[in-house]
Each structure stands twice: as structure tokens, then as C-alpha cells.
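Scroll down for the structure; my scribbles are underneath it.
The values are calculated or read from the model by the stated rules, or taken from the named source; none is laboratory data. Since the model is a prediction, treat every value here as computed from it, not as a measurement. Counting neighbours? That spans all protein chains shown, and the Cβs are built from the backbone with ideal geometry, glycine included.
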Amino acid sequence: MLRSVILAAARSSRVERLVETAPYTRDVVRRFVAGTGTDDALRATRELVAEGLTVTLDHLGEDTVNPEQADATRDAYVTLLAALSAAGLTPAAEVSLKLSALGQMFDEQLAYENARAICAAAAQAGTTVTLDMEDHTTTDSTLDILAKLREDHPGTGAVLQAYLRRTESDCRDLAGAGSRVRLCKGAYREPESVAYQSAREVDKSYVRCMNILMSGDGYPMLATHDPRLIAIGEDRARWFDRGPDRFEFQMLYGIRPEEQSRLVGEGYTVRTYVPYGTEWYGYLMRRLAERPANLAFFGRALVSR
Ligand code: FAD
């Protein structure tokens, strides 16, 4: 219920203005977002890589409504990739992108061309791209664009969301050699017709999908902070004899950092998803929706001091 309210607020421009202008918002945002510019992204990446982590960077923004904005997002990624390469931070750092920020809502071809330009810049920088997955109305389009991108850039990764009923089948399709798949629970509000609604059903689906990916020939990226799922991931890695070069764990910047370090200490590859940029509102609201404790933390920061 609370989750639905917060996810509805994520789409409200009135709430967005309220949150953005609240006096202590910035402190809360900093916990989950590395900063606003390329320099902030580089600083956070350097710090994480020094701790033995790998990184995927997300230039924040989604639901772009005009070609100029989409081009600006593409250019921001190209600039970032050149800077990462110049700083010697590739291939430890790669990028994650949302096709909706590249024009998918109004021109799929434009989104594909922008994503292709970013994949080319990533190849030149010696690293890879992963396509984030957004709400279920975009899944087919995103997987179609992925298939086209992989013709020239086979290392391009995709995200599959365990809460969608279709995802086991998508995992089977994408479990082949060379395929990089990030498995997450899913962060959007989805109808029962397409998505499991209870946490238990989503967790069971996650395990079924994980089994498909970990027993397949691709490169699974297990994106979760859930202690039970991480333990099952460790178990499957032993069972399917997957070392640190054959799968990885992924977590979000600012969430369970001590668990990220523990896994690095155990010898696993761990990638931190680092968002940066000025358009942090939708991202922050999804993180708050995941965990009421974060909402309390946010509320305290807004009213205290
Ligand atoms: P949950 O059941 O939400 O959490 C399990 C436990 O983890 C909690 O009990 C708590 O201890 C801890 N935890 C979880 N969330 C938080 C938090 N916000 N703050 C503090 N502690 C927390 N979703 C998409 O729909 N599309 C994507 O492309 C996408 N990419 C992602 C990339 C990465 C690297 C990660 C880690 C997640 C991504 N997600 C994406 C979000 C994902 O779908 C979930 O919404 C999110 O990861 C929370 O689910 P969970 O597996 O951590 O489990």
C-alpha cells in the first residue's frame, strides 16, 4: 500500500517540486546518488574501485520527451566513457542506461541509434553497456533493441525483472553464451495481469530465474540486496562451479555497503550501480518505495535540524 503511494508520488510533478525544494533533501539524496556531474561520477568510481568493487554508472534521467534531451543524454554518456577511459577506470567501470532517456517513448529508432552510439563509445573505452529495464510496457521494445545492439556489440547486457510472469521464459532466451543478464526483482508498480504481487511469489520467481541463468552459458549478474537470495546465489555459484569471472553480484550505491565489502572479501565480483546527475527524483522515489525505513530516514531529514 505504502509502496503504491510512493510510486504514484514518483509520477507527480507537485510532489517532485515539494521534495526538491525541501531544505535538507540534498543530504538524503547524497546517500543514494553520487553527485550531479561527470567529476562526481569519477570520484565515486575511483573510491569504489579502490575498495575492490566494480561499477556501473547511470546518468540519471528517464521518460525523455524530445530529441534534444535524448541527444544530450547520449552525449553525457559519451563524455563519461571517454573520461573513465582517460582515468584508467575501464573496464572496471561500465555504464547502465535507460532507453526512455534516449527517446524510446516517442521514437524507438532514435533510442536505438543513441544507444548504439553509446555502445560504440563504450567499445572504444574498452568496456560494456547494460540496458536498464523499465515498466512492462517497454519490455518487448527494450529486448528488440538489445538484440539489434548485440549484432555489433555482443557484450551489451540486459536486465530482467523477476516480478514479471514472462521473465522465466526471457531468461531461457537469454541464457546463451556471451549473454550478460542482470536479474533484479523489479522496481515499478505493475498490474497483477503481468506481475506477481506478493514478495514471496517474486522471491520464488527470482530463484527460478537465477537457476536458469546460473545453469546456462551466459554471464549472470545477480542484482539484489536480499540476504536470502544472496546466500542462494553463493550456493548456486558453488554448485555450478562459477568463479568470479563467470558471474557477479550487483547492488546499489549507498545500500548495504558493508555486505558489498564482505562479498568482495569472499572473492566474488561485486558491481555497485552508481547513479549521478541532476534528475534524481524518480530514482530516489523508487528506492524509498522499496524500504519504509528509508522513508522514515527521509522524513526525519526533512523536518529535523
Ligand atoms: P528487497 O526485498 O527490496 O530488499 C531485501 C533487503 O535488502 C531489505 O530487507 C533490506 O535489508 C535491503 N534493502 C533493499 N532495498 C533497500 C533500500 N532501498 N535501502 C536500504 N536497504 C535496502 N529495477 C528495475 O526495475 N530495473 C532495473 O533496471 C534495475 N536495475 C537494478 C540494478 C541493480 C544493480 C540493483 C541492485 C537493482 C536494480 N533494480 C532495477 C531494482 C530492483 O528491481 C529492486 O527494486 C531493488 O534491488 C530492491 O530489491 P532487492 O532485491 O534488494 O530486495
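Going by the structure shown, is ARG200 assigned to a strand (DSSP E or B), within 13 Å of the ligand (Cβ to nearest atom), modelled with pLDDT of 95 or more and over 19 Å from GLY52 (Cβ atoms)? Considered against the rule, which asks whether it is assigned to a strand (DSSP E or B), within 13 Å of the ligand (Cβ to nearest atom), modelled with pLDDT of 95 or more and over 19 Å from GLY52 (Cβ atoms), ARG200 comes out as no. Looking at TYR283, is it within 11 Å of the ligand (Cβ to nearest atom), within 17 Å of ALA92 (Cα to Cα) and touching a residue at least 60 places away in the same chain (Cβ under 8 Å)? When the stated conditions are applied, TYR283 does not pass them. Are any of the residues in the stretch 170-186 in contact with a His (Cβ under 8 Å, 6 or more places away or on another chain), under 29 Å from PRO67 (Cα atoms) and not aromatic (Phe, Trp, Tyr)? Taking every residue of the stretch 170-186 in turn, none turns out to be in contact with a His (Cβ under 8 Å, 6 or more places away or on another chain), under 29 Å from PRO67 (Cα atoms) and not aromatic (Phe, Trp, Tyr). Residues that are away from the ligand (no atom under 16 Å from the Cβ), under 22 Å from ARG286 (Cα atoms) and either of a type in the set (Gly, Ala, Ser) or without any contact (Cβ under 8 Å) to a residue 24 or more places away in the chain (or both): does the stretch 96-114 have at least one? Yes, because at least one residue in the stretch 96-114 is away from the ligand (no atom under 16 Å from the Cβ), under 22 Å from ARG286 (Cα atoms) and either of a type in the set (Gly, Ala, Ser) or without any contact (Cβ under 8 Å) to a residue 24 or more places away in the chain (or both). Of the numbered conditions (1) part of a loop (DSSP other than H, G, I, E, B); (2) of a type outside the set (D, E, K, R); (3) within 25 Å of GLY178 (Cα to Cα); (4) touching a helix residue (DSSP H, G or I) at 6+ places or on another chain (Cβ under 7 Å), ALA115 satisfies every one except a single condition; which is it? Going through (1) part of a loop (DSSP other than H, G, I, E, B); (2) of a type outside the set (D, E, K, R); (3) within 25 Å of GLY178 (Cα to Cα); (4) touching a helix residue (DSSP H, G or I) at 6+ places or on another chain (Cβ under 7 Å) one by one, ALA115 breaks only (1). One residue is enough: does the stretch 173-181 have a residue meeting the conditions more than 23 Å from ASP245 (Cα to Cα) and either outside any loop (DSSP other than H, G, I, E, B) or within 11 Å of the ligand (Cβ to nearest atom) (or both)? Scanning the stretch 173-181 turns up no residue that is more than 23 Å from ASP245 (Cα to Cα) and either outside any loop (DSSP other than H, G, I, E, B) or within 11 Å of the ligand (Cβ to nearest atom) (or both). Criterion first (over 19 Å from the mean Cα position of the chain (by Cα), assigned to a helix (DSSP H, G or I) and under 23 Å from VAL49 (Cα atoms)) does GLN109 satisfy it? When the stated conditions are applied, GLN109 does not pass them.
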